[in-house]
Structures are given as C-alpha cells and as structure tokens.
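Novice: Dumping the structure here so I can ask a few things about it.
The values are calculated or read from the model by the stated rules, or taken from the named source; none is laboratory data. Note that the coordinates shown come from a computational prediction; the quantities given were computed from them, not determined experimentally. Here the Cβ positions follow ideal geometry from the backbone for every residue, glycine too, while neighbour counts run over all protein chains shown.
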Amino acid sequence: MNAGPLTGSGILITRPAEQADGLAARIEGLGGSAILFPALAIAAPENIRALAHVIGNLRDYDLILFISPTSVERAWPFILERHDDWPRGFALAAVGQATARALASYGAGPVLVSAAGSDSESLLDLAAMHDVAGKRILIVRGEGGRELLADTLRQRGATVVYAEAYRRIKPQADAQPLLALWRQGGIQAVTVTSREIVANLFDLLGQEGAALLRTTPLFAMHERIAAAARDRGVAVAIVTPPGDAGLVTGLLDWFNVRHD
C-alpha cells in the first residue's frame, strides 16, 4: 500500500458494488484501506412494460431529465434499443455534475445542469427550469425517491412523467467479518451516499454494529444524508462536497486534523 495522508485509515464504502471502484481507488491511492460493504443493490424495475411504453414515446417530451448516474447507466441501453438517433435532437437535463458527466461519457450534450449544487433544488433554481409552463418533462429515475422535482415542475405548469429504470434493494450480507475488523480497530471512517444506505446499514449491522457505527465518523455528500445518520445516533456526521472527489476531500480534511 502506498504511503499517503490516509495511511493507516480503514474507510468503509457502503455504496452499491458496481459504483464503488472509483472511490476505493482514490482512497487506496492516498494510502488508505478501502473496505467494501454494499448496503444498497441496484436491480431491474418491477414494471418493465411500463418503462418500455414510456421509453418508446421519448419524442413526446420537451425535456428528458436524468436524476443520477445510475439512471443514465440503466436507461441508456434500453433507450438505444428503441431510438436509433438517441441522443441527437433530444433536450437533456441532469441533477448534479456526476449525472452530467455520465451523460457526456455516452456522447450526450449539451446538458442542462446546475454548476451551483448537486441536488434537485440546485437544478430547479436555473432560469430554464422556471420557464416550463406547458412543457412535457420526462424524469428518468429509480423507483420511489423524492418528489420535490416533479412536484415543483408541476406547480410551474409542466406535465411530468416518470421513467423508472431501476429499483434500489437492501442486499443480503454477512456483517460478522466486518464487525470483527471493526472491533479490532480496522475502520476509522464510514462513507454513505444516500439516506436509504444509512437505513440499510443499520439494519444489516445489527445491534452491535449499530453501536460501532454511532461512534465512527461518517461522511455524507449532502446534509439530508448526514441528518438521517444523526437521527439514528451517529455522533459525528460530516457533510462533504459532492461526488467521490468531495468524499475524499472530506476525509483528507478530517484526518489531517487531530481529533481527541
């Protein structure tokens, strides 16, 4: 392992397994130990037929809005099966720069995205999102989730439809090896990327693990996520900038200062 500012620090990564490699590589590149324990899994949506119907009518929409990188990755092949010209000629928007980067990685552009923040509120603040009366907007997302975006756009006069391209589920996991490592002092920080992960993590860890979690610094990319952890008794929940880079920045800031 490389020597670096995170040397000697075990960092728990709880995001879905297929989304963990980038953060793990950053942590290990700085000398830390990335410990993977996915507290969320991504699965196909329950209603494929409904998704196929909506995707088949993309031309009916004035704007197609992707809620997350996962929404891009899960919906993209599905859309390509039905639209040979995708994404040319479609107006696209993204919640957060990470989602915009996911779209760009597939050749989409330009993309309407806020430079000021990574949440729905930031996107809704854009002037273009105030001028939506009479427009039809498709939101590509997972099943469930916040309704703020759709509710606000409808209040502004838009017609909003969902394309639910995946669902989030709690994985089956044996927490005992993780708890053994934790008891031995092998975990110095926890990263979480959604409120659902916070809830699942407490369920998966059980009573003993929950006690360990509450006394370990937790790093989250949004105040809502940190607040969910604090509500469950986590003593130190730190809000970082968005994305993998933001989580790493938060970790570096924490470990570069002595905490007695």
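Novice: Residue 229: under 15 Å from the mean Cα position of the chain (by Cα), of a type in the set (Gly, Ala, Ser) and in a helix (DSSP H, G or I), yes or no?
Specialist: Answer is no for this residue.
Novice: Can you name the residue in the stretch 111-130 that is in a loop (DSSP other than H, G, I, E, B) and modelled with pLDDT of 95 or more and, of all such residues, is nearest to residue 85 (Cα to Cα)?
Specialist: Within the stretch 111-130, the match that is nearest to residue 85 (Cα to Cα) is 113.
Novice: When the residues of the stretch 27-58 are filtered to those that are at pLDDT below 95 and among the charged types (D, E, K, R), which remaining residue is surrounded by the fewest Cβ atoms within 10 Å (Cβ to Cβ)?
Specialist: My answer is 49.
Novice: Counting just the residues of the stretch 20-50 that are free of Cβ contacts under 8 Å to residues at least 60 places away in the same chain and within 17 Å of the chain's Cα centre (by Cα), which one comes out farthest from residue 166 (Cα to Cα)?
Specialist: So, considering only residues that are free of Cβ contacts under 8 Å to residues at least 60 places away in the same chain and within 17 Å of the chain's Cα centre (by Cα), the one farthest from residue 166 (Cα to Cα) is 24.
This table checks each residue for (1) closer than 24 Å to residue 31 by Cβ; (2) within 15 Å of the chain's Cα centre (by Cα); (3) touching a residue at least 40 places away in the same chain (Cβ under 8 Å).
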{"residue": "184", "(1), (2), (3)": "yes, no, no"}
{"residue": "188", "(1), (2), (3)": "yes, no, yes"}
{"residue": "203", "(1), (2), (3)": "no, no, no"}
{"residue": "214", "(1), (2), (3)": "no, no, no"}
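Novice: Continuing with the same structure: Counting just the residues of the stretch 75-119 that are closer than 20 Å to residue 224 by Cβ and in contact (Cβ under 8 Å) with a residue 40 or more places away in the chain, which one comes out surrounded by the most Cβ atoms within 10 Å (Cβ to Cβ)?
Specialist: By that ranking, first place goes to 95.
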